[in-house]
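Since the structure comes first, as structure tokens, the remarks are kept for the end.
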Amino acid sequence: MIKVSIPAVVTRNMTGIGKTSQKPYNLEFQTVYVHTIGKDGKPAPFPEKLEIILDRNEQGQPLVYAVGEYLLHPSSLYVDRTGSLAVAPRLAPLTKS
């Protein structure tokens, strides 16, 4: 399981026109920190910062994740158009046991 930390509810918006499609796009990003595991099987000493693209609700508003700890949901993994394994991060709240 891959743990993801969100320390703040801050988003970044990016809009433009696609180079090849010539269609407008509007993306909303949120900064998260992913706790990765090295090839040696040991946890990395520090979480790695990255931005994820947020899904949108029916009204077009970004679905922003609240501050907290999450796990990468299994639905994040899919096979892309080239037959390779790909990731589109979807997060599930980390429940305390």
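Considering only residues of region 23-34 that are part of a strand (DSSP E or B) and over 13 Å from the mean Cα position of the chain (by Cα), which is farthest from HIS73 (Cα to Cα)?
Top of the filtered list is PRO24.
Considering each residue of region 1-22, count those that are hydroxyl-bearing (Ser, Thr, Tyr) and part of a strand (DSSP E or B), and give that number.
Going through region 1-22 one residue at a time, the tally reaches 3.
Could you list all residues from region 60-97 that are assigned to a strand (DSSP E or B) and either in contact (Cβ under 8 Å) with a residue 24 or more places away in the chain or in contact with a helix residue (DSSP H, G or I) (Cβ under 7 Å, 6 or more places away or on another chain) (or both)? Can you show your working first?
Taking region 60-97 and keeping what is assigned to a strand (DSSP E or B), we get 62, 68-72, 77-79, 85-87, 91-93.
Scanning region 60-97 gives PRO62, GLY68, GLU69, TYR70, LEU71, LEU72, VAL87, LEU91, PRO93.
Throughout, read-outs are computed from the coordinates displayed, never taken from laboratory work. What you are looking at is a predicted structure, and each value in this text was computed from that prediction instead of being measured. Positions of Cβ are backbone-derived with ideal geometry, glycine not excepted, and every protein chain shown enters the neighbour counts.
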